[in-house]
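One structure below.
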Amino acid sequence: MPKSRTRFICQQCGGEQTKWLGRCPDCGAWNTLEEVALPETSSGGTASSPQRRYALLTGAAASAGASPAALLPQPLPQVKALSQERLSVGYAEMDRVLGGGLVPGSLTLVGGEPGIGKSTLLLQVSGYIAEHVGPVLYVSGEESSEQIKMRAERLEIRGERLYLLATVELEVICEAIARLKPALVVVDSIQTVFATHLTSAPGSISQVRECTLHLMQVAKSSHIPMFIIGHVTKEGTVAGPKALEHIADCVLYLEGERYHTYRLLRGVKNRFGATHEVGVFEMHGDGLQEVPNPSALFLSERPGAASGSAVVVSMEGTRPLLVEVQALVTPSNFGIARCTANGLEHNRLLMLLAVLTKRVGLALGNHDVYTNVVGGFTLEEPAVDLGVAAAIASSYRDRRIPADLALIGEVGLSGELRAVNRLGLRVREAAKLGFKRCLVPASGRAERLRRELEEAGLAEECRVIPASTLAVALEIALH
Ligand code: TYD
Ligand code: MG
């Protein structure tokens, strides 16, 4: 590694100092200066030159140090396009979240709470790549090679080309990459890795960021894709994934509920594809298995004859997902009404309660309202409004919503139903899962869709029922 110097960077304003100070002279914040290494470049210019720092931050680092010409502006046609080739990781669910597979030279951050299954998922991916593509370097700073072997045996990974390296030193990792030239590198986890030329402790912001920037440089210059695992605590704000999101090309989070076996792999950033894609996995005794049709799985636990249950169709990235929303409305004690939203936005729920009270005439003011999204999902789209409102009304009136009815629509403040995007895609997905009727906002699009389904001979299989207001929709759903 090149000789390096260090600087102290304020974690609040980004101001740079040559020595440690208790208080940042730029922004006045206390105790925010962290030591950061600035490697010297061989081609003149110090590491702290603006181009160099920018290149490091944006990941264009590979070319930054090598040739000064690379720092000059280039006309667009002369810029070499990235290879379109993508590497499948062996799981269609994960490939989709990555935007169609791994891009060579990309750095993907996989975050999640401890014990959620990050190491399991990436060991499985490593096993697949090692078997089908080429050597894989799996670096673990948390577990010994023997422990990983035990897990690999459980996952039935043979992996003659899967190389394990139990180390926490960045320099050792880089040397191993240079020697092995693997098809994939996994670093488990970034919080354990440290660069010896920095004095700060492993896991600190400066160590984590410096090591990630360096690995990014290695990935870019060698065209080797890399996965970096990062732990997130319940608060989600530790030195780790959150601080690295802007550096990595892709950021995926593995989420799930402790008492459920589902695991959701959620894409929150992707420089090579759409974000907000969700891949669904299930944790079994022999590792994570993908769930290609999650709607069917989530709906399979649906109680047959209970009031307060509605099925909504939410777009998760490019895929429509059918999810059950449950509501329980009970008279409140002591005159203080409570309202809980599990998996829904609290303010949106309050708005729906107000619309149900004022526009539909439900006397919800002296009732507790509990809502829950089944399967641990968080629904953020307004298109689920109708379903949520219907579930609440269903519980309040103690009338069941028919099991073959799916609800799609945004609710406006005057109680009107508003059109949603991708209506056709949503309705077709509901039809595929056996829903015979879809309640949708009345609009030109709904009419067109109805005609289209008729022409395709699908009108019998799934009927589109348009409604212009929430009150009308509830009449139909709860009659
Ligand atoms: P792990 O991948 O070690 O989590 P992380 O790396 O995110 O901290 O997963 C740990 C949990 O997964 C642990 O509670 C046991 C469970 N697990 C299974 O249920 N089946 C399996 O095949 C494996 C390997 C783990
Ligand atoms: Mg782990």
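Please list, ordered by residue number, the strands (runs of 3 or more DSSP E) wholly in the stretch 270-347 having 1 or more residues that are within 16 Å of ligand 1 (Cβ to nearest atom) and at positive phi.
Details: elements: 278-284, 287-290, 309-316, 319-331, 339-342.
In the stretch 270-347, the matching strands (runs of 3 or more DSSP E) lie at 287-290.
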* Top-ranked residue of the stretch 257-269 - restricted to ones that are within 18 Å of GLU380 (Cβ to Cβ) and either assigned to a loop (DSSP other than H, G, I, E, B) or within 16 Å of ligand 2 (Cβ to nearest atom) (or both), ranked as farthest from the chain's Cα centre (by Cα) -> GLU257
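Hey, can you tell me all the residues within the stretch 144-154 that are more than 12 Å from ALA130 (Cβ to Cβ) and surrounded by 18 or more Cβ atoms within 10 Å (Cβ to Cβ)? Give the steps one after another, and end with the answer.
So the first thing to find is which residues in the stretch 144-154 are more than 12 Å from ALA130 (Cβ to Cβ), and the list is 144-151, 153-154.
Result: ILE148, single match.
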* Asked: Under 6 Å by Cβ, and 6 or more places apart or on different chains, what pairs join a residue from the stretch 102-128 that is within 14 Å of MET226 (Cα to Cα) with one that is near ligand 1 (Cβ under 7 Å from one of its atoms) and in a helix (DSSP H, G or I)?
  -> VAL110/LYS118
* **Hits in the stretch 426-445 - residues which are out of contact with any helix residue (DSSP H, G or I) (no Cβ under 7 Å at 6 or more places or on another chain) and more than 12 Å from LEU322 (Cα to Cα)** => LYS436, ARG437, PRO441, ALA442, SER443, GLY444
* If we scan the stretch 124-135, do we find a residue that is buried (at least 20 other Cβ atoms within 10 Å of the Cβ) and modelled with pLDDT under 95? -> no
* Asked: Cβ-Cβ below 7 Å, separation at least six or inter-chain, first residue in the stretch 151-176 and under 12 Å from CYS211 (Cα atoms) and in a loop (DSSP other than H, G, I, E, B), second within 16 Å of ligand 2 (Cβ to nearest atom) and not hydrophobic (A, V, I, L, M, F, W, C): which pairs?
  -> VAL168/GLY141; VAL168/THR192; VAL168/PRO202
* To do: Quick one: which residue in THR357, THR371, THR378 is part of a helix (DSSP H, G or I) and assigned by TED's automatic domain parsing to the domain that holds LEU322?
  => THR357
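Scanning for something under 23 Å from GLN326 (Cα atoms), assigned to a helix (DSSP H, G or I) and at pLDDT below 95, does the stretch 398-408 turn up at least one residue? Before you say what the answer is, go through the steps one by one.
First pass over the stretch 398-408, keeping only residues under 23 Å from GLN326 (Cα atoms): 398-408.
Those still in the list that are assigned to a helix (DSSP H, G or I) too: none.
Checked the stretch 398-408: no residue is under 23 Å from GLN326 (Cα atoms), assigned to a helix (DSSP H, G or I) and at pLDDT below 95.
Being under 23 Å from LEU265 (Cα atoms), among the aliphatic types (A, V, I, L, M) and near ligand 1 (Cβ under 10 Å from one of its atoms) is true for just one of LEU102, LEU109, LEU155. Which residue is that? Break it down into steps so the answer makes sense when it comes.
Working: LEU102 fails: near ligand 1 (Cβ under 10 Å from one of its atoms); LEU109 fails: near ligand 1 (Cβ under 10 Å from one of its atoms).
Result: LEU155 is the single residue among LEU102, LEU109, LEU155 that is under 23 Å from LEU265 (Cα atoms), among the aliphatic types (A, V, I, L, M) and near ligand 1 (Cβ under 10 Å from one of its atoms).
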* Asked: Which residues, taken from the stretch 122-150, are touching a Leu at 6+ places or on another chain (Cβ under 8 Å) and assigned to a helix (DSSP H, G or I)?
  -> LEU123, GLN124, VAL125, SER126, GLY127, ILE129, ALA130, SER145, ILE148, LYS149
* Considering each residue of the stretch 96-121, count those that are hydrophobic (A, V, I, L, M, F, W, C) and part of a helix (DSSP H, G or I), and give that number. => 2
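Results for (1) surrounded by 13 or more Cβ atoms within 10 Å (Cβ to Cβ); (2) within 16 Å of LEU405 (Cα to Cα), shown as yes or no for each residue.
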site	(1), (2)
HIS276	yes, no
PHE281	yes, no
ASP286	no, no
ARG302	yes, yes
ALA310	yes, yes
ALA327	yes, no
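Taking only the stretch 185-213 into account, find how many residues are outside any loop (DSSP other than H, G, I, E, B), within 16 Å of ligand 1 (Cβ to nearest atom) and of a type in the set (Val, Ile, Thr).
Our first condition is that a residue be outside any loop (DSSP other than H, G, I, E, B); within the stretch 185-213, this holds for 185-188, 194, 205-213.
Still in the running and within 16 Å of ligand 1 (Cβ to nearest atom): 186-188.
Subset that is of a type in the set (Val, Ile, Thr): 186-187.
Residues flagged as outside any loop (DSSP other than H, G, I, E, B), within 16 Å of ligand 1 (Cβ to nearest atom) and of a type in the set (Val, Ile, Thr) within the stretch 185-213 amount to 2.
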* Structure fact -> For the stretch 247-256 the number of residues that are outside any strand (DSSP E or B) and either under 14 Å from the mean Cα position of the chain (by Cα) or more than 26 Å from ALA219 (Cβ to Cβ) (or both) is 3
* All positions within the stretch 91-143 that are within 11 Å of ligand 2 (Cβ to nearest atom), under 21 Å from THR212 (Cα atoms) and of a type outside the set (Ser, Thr, Tyr) -> VAL110, GLY112, GLU113, PRO114, LYS118, LEU121, LEU122, LEU123, GLY141, GLU142, GLU143
* In the stretch 349-378, residue surrounded by the most Cβ atoms within 10 Å (Cβ to Cβ) [restricted to those that are closer than 30 Å to ARG428 by Cα and free of Cβ contacts under 8 Å to residues at least 40 places away in the same chain] -> LEU353
* To do: Examine the stretch 158-171 for a residue that is within 12 Å of ligand 1 (Cβ to nearest atom) and buried (at least 20 other Cβ atoms within 10 Å of the Cβ), and state whether such a residue exists.
  => no
* **Given (1) of a type in the set (S, T, N, Q); (2) assigned to a helix (DSSP H, G or I); (3) within 31 Å of the chain's Cα centre (by Cα), number of the condition ASN421 does not satisfy** => (2)
* Asked: Out of all the residues in the stretch 430-475, which are touching a strand residue (DSSP E or B) at 6+ places or on another chain (Cβ under 6 Å), assigned to a helix (DSSP H, G or I) and at pLDDT 90 or above?
  -> ALA430, LEU470, ALA473
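The values are calculated or read from the model by the stated rules, or taken from the named source; none is laboratory data. Here the structure is a predicted model, which is why all the values come from computation and not from measurement. Quick reminder, even Gly has a Cβ in these numbers, built from the backbone with ideal geometry, and neighbours come from all protein chains shown.
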